[in-house]
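One structure is given here, and the rest of the page talks about it.
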Amino acid sequence: MRQVLLFLRGAVPLALVAVALVGLPALVTWWLLGGPFGWSHLLVGLVGGAALVALGGLALGWALGRWRRGG
């Protein structure tokens, strides 16, 4: 039981972040373009989420590089 709770403690927040990274760009696209929610909106959400993860990774790498050089 303890292992299940430990798994859920890590998996649930990770799943919520994944849904937010895909869902928010998809909902913004749907809001801007209008019409019924479709595959095009979901595709834009996936690409937007991947772009957000890539930009976050680049920013983290840049910050760690500056920190390692000492300023």
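The values are calculated or read from the model by the stated rules, or taken from the named source; none is laboratory data. None of the values given here were measured: they were computed from a predicted structure. Cβ placement follows ideal geometry from the backbone for every residue including glycine, while neighbour counts extend to all protein chains displayed. Heads up: the accessible areas ignore ligands, DNA and RNA and are worked out on the full protein's heavy atoms, side chains in. Shrake-Rupley method; radii C 1.70, N 1.55, O 1.52, S 1.80 Å.
Among the candidates 8, 16, 42, the residue that is of a type in the set (A, V, I, L, M), open to solvent by 90 Å² or more (accessible area, probe 1.4 Å) and in a helix (DSSP H, G or I) is uniquely 16. Residue under question is residue 65, and the condition is that it be within 22 Å of residue 14 (Cβ to Cβ) and not in a loop (DSSP other than H, G, I, E, B); does it hold? No, not satisfied.
Against the test of being in a helix (DSSP H, G or I), modelled with pLDDT of 90 or more, out of contact with any strand residue (DSSP E or B) (no Cβ under 9 Å at 6 or more places or on another chain) and surrounded by 13 or more Cβ atoms within 10 Å (Cβ to Cβ), the options 28, 22 yield a single qualifying residue, 28. Condition test on residue 52, is it surrounded by 12 or more Cβ atoms within 10 Å (Cβ to Cβ), among the hydrophobic types (A, V, I, L, M, F, W, C) and either in contact with a Cys (Cβ under 7 Å, 6 or more places away or on another chain) or in contact (Cβ under 8 Å) with a residue 12 or more places away in the chain (or both)? Yes: the conditions hold for residue 52.
Give region 1-30 a look and list any residue that's closer than 18 Å to residue 41 by Cα and hydrophobic (A, V, I, L, M, F, W, C), or say none. Reasoning before the result, please.
Going through region 1-30, the residues closer than 18 Å to residue 41 by Cα turn out to be 18-30.
Result: 18, 19, 20, 21, 22, 24, 26, 27, 28, 30.
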